[in-house]
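Worksheet: one structure, shown below.
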Amino acid sequence: MATHRPVLSDSAGEFAGLLLAQRELTPRAEVIAGQTAVLFPGVAVNVYIYDEDNQPSWSVRATAGDVAVH
């Protein structure tokens, strides 16, 4: 996955705008992970998606910070 430097939004409206600017699930998950990492410095963030047609049903779609997924 590409590493993006998140830009902290000042309001819920700006955050929603960042999400709506992305049309696909993965870029939206990256926005969520990046914003969460900025709001909570020093934490690792995984954003999971649920797809009942796949096994395992939960899979990591985006990460931020020092994360290891096994």
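Bear in mind these aren't lab numbers, they're just calculated from the coordinates by the rules spelled out. This one's a predicted model, so the numbers in the text were calculated from it and none came from an experiment. Backbone-built Cβ (ideal geometry, glycine too); neighbour counts: all protein chains shown.
Using the Karplus curve 6.51 cos²θ - 1.76 cosθ + 1.60 with θ = phi - 60°, work out ³J(HN,Hα) for each residue of segment 13-26 in order, rounded to whole Hz, and write x for Gly and Pro.
Using θ = phi - 60°, the values come out as x, 5, 4, 4, x, 4, 5, 5, 6, 9, 8, 10, 5, 4 Hz.
Loop only by DSSP, 10 or fewer other Cβ within 10 Å of the Cβ. Give me the GluC sites (Glu not before Pro) in segment 17-70 that pass, ordered by residue number. Please report the intermediate quantities before stating the final value.
Values: sites: 24, 30, 52; in loops: 24, 52.
For GluC sites (Glu not before Pro) across segment 17-70 that sit outside H, G, I, E and B with at most 10 neighbouring Cβ atoms in 10 Å, the list reads 24, 52.
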